[in-house]
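Asker: Please see the structure below; I have some questions.
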Amino acid sequence: MEKGKIKELKIPISLVMIAITLFLTILTVIYFFSLLILPSEFSNFLSSSGGWAYYIFLVALIGFLYFAYLLVQTVNDRRKFEELIASDSKSIFVKNVRELDVIARRLGPSFKKRLENKKEQLRVKY
């Protein structure tokens, strides 16, 4: 995978990790409250892990919060990038070019390329 390509996969990776960590969080909560809806395979796994079930819960909860934050931040960055780059006004673009540059760096190479193309189109030097 080429350098920076992982940045463009933030949304799918975040969604997968949110699903995994949410599953583990729900699984451990069900285990802690001894609800009978937990399949025996998962119950045996958590029982055999001993006191590690608490750590699994903690890591899953922190992971869920982190990946949810990452997803929201990435979606907001993409939305803001699209709004700012869609403007045909050179003055609006020049005012926001630094912010666009920061956002493009966070989002990956294809966004950098789109920003460079827009700079060439509007003849902006930065």
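The values are calculated or read from the model by the stated rules, or taken from the named source; none is laboratory data. Model, not experiment: these values are computed from the prediction. FYI the Cβ positions are ideal-geometry reconstructions off the backbone, even for glycines, and counts take in every protein chain you see.
Asker: Out of curiosity, is F23 free of Cβ contacts under 8 Å to residues at least 40 places away in the same chain, among the aromatic types (F, W, Y) and touching a helix residue (DSSP H, G or I) at 6+ places or on another chain (Cβ under 6 Å)?
Answerer: No: the conditions fail for F23.
Asker: As an exercise: evaluate L38 against (1) assigned to a helix (DSSP H, G or I); (2) buried (at least 16 other Cβ atoms within 10 Å of the Cβ) and give the number of the one condition it does not meet.
Answerer: Just one mismatch for L38, condition (1).
Asker: Output the number of the condition that S89 fails; it satisfies all remaining conditions of (1) under 29 Å from K125 (Cβ atoms); (2) hydroxyl-bearing (S, T, Y); (3) at pLDDT 90 or above.
Answerer: Result: S89 fails condition (3) only.
Asker: Pairs only if they're at least six apart or on different chains, beta carbon under 6 angstrom, first in the range 51-78 and farther than 30 Å from L115 by Cα, second surrounded by 12 or more Cβ atoms within 10 Å (Cβ to Cβ) and hydrophobic (A, V, I, L, M, F, W, C); list them, first residue then second.
Answerer: The qualifying pairs are A53/L46; A60/L24; F64/L22.
Asker: Further question on the same structure: Is there a residue in the range 14-35 that is of a type in the set (A, V, I, L, M, F, W, C), more than 17 Å from L61 (Cβ to Cβ), part of a loop (DSSP other than H, G, I, E, B) and modelled with pLDDT under 85?
Answerer: Checking the range 14-35: at least one residue is of a type in the set (A, V, I, L, M, F, W, C), more than 17 Å from L61 (Cβ to Cβ), part of a loop (DSSP other than H, G, I, E, B) and modelled with pLDDT under 85.
So that you can scan it fast, the table gives a plain yes or no per residue for (1) of a type in the set (K, R); (2) farther than 30 Å from A19 by Cα; (3) out of contact with any Cys (no Cβ under 7 Å at 6 or more places or on another chain):
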{"residue": "F45", "(1), (2), (3)": "no, no, yes"}
{"residue": "V72", "(1), (2), (3)": "no, no, yes"}
{"residue": "I85", "(1), (2), (3)": "no, yes, yes"}
{"residue": "K125", "(1), (2), (3)": "yes, yes, yes"}
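Asker: Suppose we keep only residues that are polar (S, T, N, Q) and not in a helix (DSSP H, G or I) within the range 51-93. Which one would you say is nearest to the chain's Cα centre (by Cα)?
Answerer: S87
Asker: Enumerate the pairs (first residue in the range 84-101 and among the small types (G, A, S); second residue anywhere and surrounded by 10 or more Cβ atoms within 10 Å (Cβ to Cβ) and assigned to a helix (DSSP H, G or I)) with beta-carbon separation below 6 Å, excluding pairs fewer than 6 apart on the same chain, so at least 6 apart or on different chains.
Answerer: Between residues of the range 84-101 that are among the small types (G, A, S) and residues that are surrounded by 10 or more Cβ atoms within 10 Å (Cβ to Cβ) and assigned to a helix (DSSP H, G or I), the close pairs are S87/F93.
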